Amino acid sequence: MRRGERTKAEGKNDKKCRKKPWLAPAACILGSMVLYGSLTLGAEGQDVVSEEGHILRDGYGGEEQEYRLWVEGLCEEAVAVDVQVKPQRYKEEEALDAFEEVMGKMEARIRGENPSLMEVRSDLRLPSRVEEGVRLRWYSPEPEILDASGKLGEEVETAWQVVLSVELSAGEYRQNYEIPVRILPPIRSREEQRVAEFQKELQQKEEACQEEAWLALPDSFQGKSLQYQAKEQEGYGTIILVGVILAVLLAVRGQSEEKQQRQKRERELLLDYSDVLSKLMVLIGAGLTVRNAWGRIVLDYESAQGQGKQKARAAYEEMRRTYYQMQSGMAEGEAYQEFGRRCRLQPYLKLSGLLEQNRRSGTKNMRAILQTEMADALEQRKNLARRLGEEAGTKLLMPLFLMLGIIMVMIMVPAMMTMG
C-alpha cells in the first residue's frame with residue numbers, strides 16, 4: 001500500500017475510533033427512552049380512580065389491593081392516604097349458582113388422565129381453588145386408597161368405590177357435595193403382573209418372620225430359580241464419561257490459554273520492534289558493528305533488569321539468547337536467522353535477513369536501511385496501538401450494558417409493583 005493510500009485508510013480508522021466512544025452513551029440514552037416509553041404505555045388505562053371517583057375491585061376470588069392516594073382538600077396540602085380494597089364478594093344466590101357451575105365441570109377438572117371417575121387407575125387432580133373464585137376443601141374416608149390430594153395409595157385387586165367429600169366456599173357461603181369415585185386395579189403386562197405377585201408374596205413372608213434376625217429370600221418363584229444382588233452397577237459407567245468430558249475440557253482450556261499466551265507474546269514483540277530498531281540505528285550510527293551494537297543492547301537490558309527498572313520483554317529475551325549463542329561460538333549469520341525463526345513474525349524475519357545481508361556486504365548503508373524500516377515499524381506500532389484500543393473499548397461495553405440493565409431493573413421493579 002502506498003503512503004497516500006495508507007494515510008487515507010488511517011484517516012478512516014481514526015473516524016471510526018472517534019465515533020465509537022459515543023456508542024455507550026447513545027445506548028444508555030436509547031435504553032432510558034425505551035424504558036420510559038414502556039412504563040408510560042403500560043401505565044395508560046391503569047388509573048386507580050376513575051372520573052366518577054370509583055376504584056375497581058378485583059373479581060371474585062381475587063386479592064385484596066392496597067393503593068396510596070393523594071387527597072386534595074382534606075388539609076391545606078394534599079395528603080397521602082392508604083386505601084385497602086377487598087375483592088368483589090358473592091351474594092348468597094350468586095354463590096349457590098357459582099357452586100352449581102363448579103360442580104357441573106368437576107369431573108372434567110379432576111379426572112386427570114382417567115377416562116372417567118368410574119374408571120380411575122391414576123392420580124386425580126383435586127384443586128383447592130378454581131377460576132370462579134370458589135375455594136375447595138377435600139376429604140377422603142379411605143386415604144390409604146385415595147387421599148385428599150387425589151393420590152392413589154395401595155393398589156386394589158378388585159374394583160373399589162370411594163366417596164370423596166368436597167366443601168365449596170365463597171366468602172361466608174359454604175356447601176358440601178359428595179363425588180363417588182371407582183378405583184380399578186392397574187392394567188399390567190404378564191411380566192408386571194408376575195413382579196407384583198412376587199412383591200406381594202415377599203411382603204407377606206417379611207411380615208411373617210419379623211421375629212427372626214434376617215429375612216430369607218425365596219430361591220424360586222412359580223417354578224423359576226431366582227438370584228439377587230444388592231444394587232445395579234450400571235451407573236458407575238458415568239464416572240468414566242465424566243472423566244472423559246473433564247479431560248476434553250482441560251485440553252481445550254490448555255489450548256485456549258496457550259493461544260492467549262502466544263497472542264500476548266506476539267503483541268509484545270510487535271510493540272517492542274520499533275524500540276529495537278531505534279537502539280540498533282543509534283548504536284550503528286555511533287560507529288559500532290552490528291554484533292557490538294547487539295551486545296550493547298543486551299547488556300543494557302540485563303543491567304536495567306538487575307536494578308529492577310525493566311521487566312522481562314519477549315524481544316529482548318530473544319536478543320539475549322542470540323547474543324549468548326554468538327558468545328558460545330555460533331556463527332553470527334546463523335544466530336540472526338535463529339532469532340528471526342524464534343520470533344516467528346514477519347518484521348523480525350525481515351530484520352534478521354537485513355542483518356545477515358549487511359554482515360556480508362558491510363555496514364555502509366545499514367543506517368539508511370534501518371531508517372526506512374523504522375518508519376514502517378512506527379506505522380505498524382501505531383496501527384497495533386489503535387487496534388488494541390478498539391478491543392479494550394469493546395470489552396468495556398459489556399460492563400456498561402450490565403450497569404444499564406441493573407439500573408433499568410431498579411427502576412422498573414418498583415414501578416411495576418406500584419402499577420399492581
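Using a Förster distance of 45 angstrom, determine the FRET efficiency expected from the C-beta separation of Gln371 and Leu30, and round it to 0.05. The pair Gln371/Leu30 has a calculated efficiency of 0.35. Kirkwood analysis of the stretch 121-259, using all unique Cα-Cα pairs, places the hydrodynamic radius at 21.1 Å. Using Cα-Cα distances under 8 Å and only pairs 6 or more residues apart, what relative contact order does the chain have, in percent? Relative contact order for the chain comes out at 11 percent. When only Cα pairs below 8 angstrom with a gap of at least 6 residues are kept, the stretch 60-138 shows a relative contact order of 26 percent. Of all the options Ala335, Ala368, Ala78, the one that moves most in a Gaussian network model of the chain with Cα springs shorter than 10 angstrom is Ala78. The number of Lys pairs in the stretch 268-401 with C-alpha atoms less than 23 Å apart, excluding pairs fewer than 8 positions apart on the same chain, is 9.
Angle of helix 23-43 to the longest C-alpha principal axis of the chain, folded into 0 to 90 degrees and rounded to 10: 20°.
Can you pull out the GluC sites (Glu not before Pro) in the stretch 172-235 that DSSP calls coil and that have at most 16 other Cβ atoms within 10 Å?
Numbers: sites: Glu172, Glu178, Glu191, Glu192, Glu197, Glu201, Glu206, Glu207, Glu211, Glu212, Glu232, Glu234; in loops: Glu172, Glu211, Glu212, Glu232.
Those satisfying the criteria are Glu172, Glu211, Glu212, Glu232.
With an a/c value of 1.5 or above and a/b larger than b/c for the gyration tensor axes a ≥ b ≥ c computed over the alpha-carbon atoms, the stretch 92-183 is described as prolate. For the stretch 268-401, the relative contact order is 30 percent, taking Cα pairs closer than 8 Å that sit 6 or more residues apart in sequence and dividing their mean separation by the residue count. Would you mind telling me which residue in Ser225, Ser128, Ser165 has the biggest mean-square fluctuation in a Gaussian network model of the chain, where springs connect alpha carbons within a distance under 10 angstrom? Of the options given, Ser225 has the highest mean-square fluctuation.
Summing charges over all other residues whose Cβ lies under 11 Å from the Cβ of Arg344, with Lys and Arg as +1 and Asp and Glu as -1, gives +2.
Computing percent of Cα pairs over 43 Å apart directly from the structure and comparing it against [x] 34; [y] 12; [z] 61 singles out [z].
List the chymotrypsin sites (Phe, Trp or Tyr not before Pro) within the stretch 162-240 that DSSP assigns to loop and that have no more than 16 neighbouring Cβ atoms inside 10 Å. Let's see the in-between values first.
Numbers: sites: Tyr173, Tyr177, Phe198, Trp214, Phe221, Tyr228, Tyr236; in loops: Trp214, Tyr228.
Answer in residue order: Trp214, Tyr228.
Counting Lys and Arg as +1 and Asp and Glu as -1, what is the net charge of the other residues whose Cβ lies under 14 Å from the Cβ of Ala312?
Details: positive: Lys264, Arg265, Lys309, Lys311, Arg313, Arg320, Arg321; negative: Glu268, Asp272, Glu302, Glu317, Glu318.
Taking every other residue near Ala312 into account, the sum is +2.
Values in this text are rule-based calculations from the coordinates and carry no lab data. This structure is a prediction, so every number in the text was calculated from the model and none was measured. FYI the Cβ positions are ideal-geometry reconstructions off the backbone, even for glycines, and counts take in every protein chain you see.
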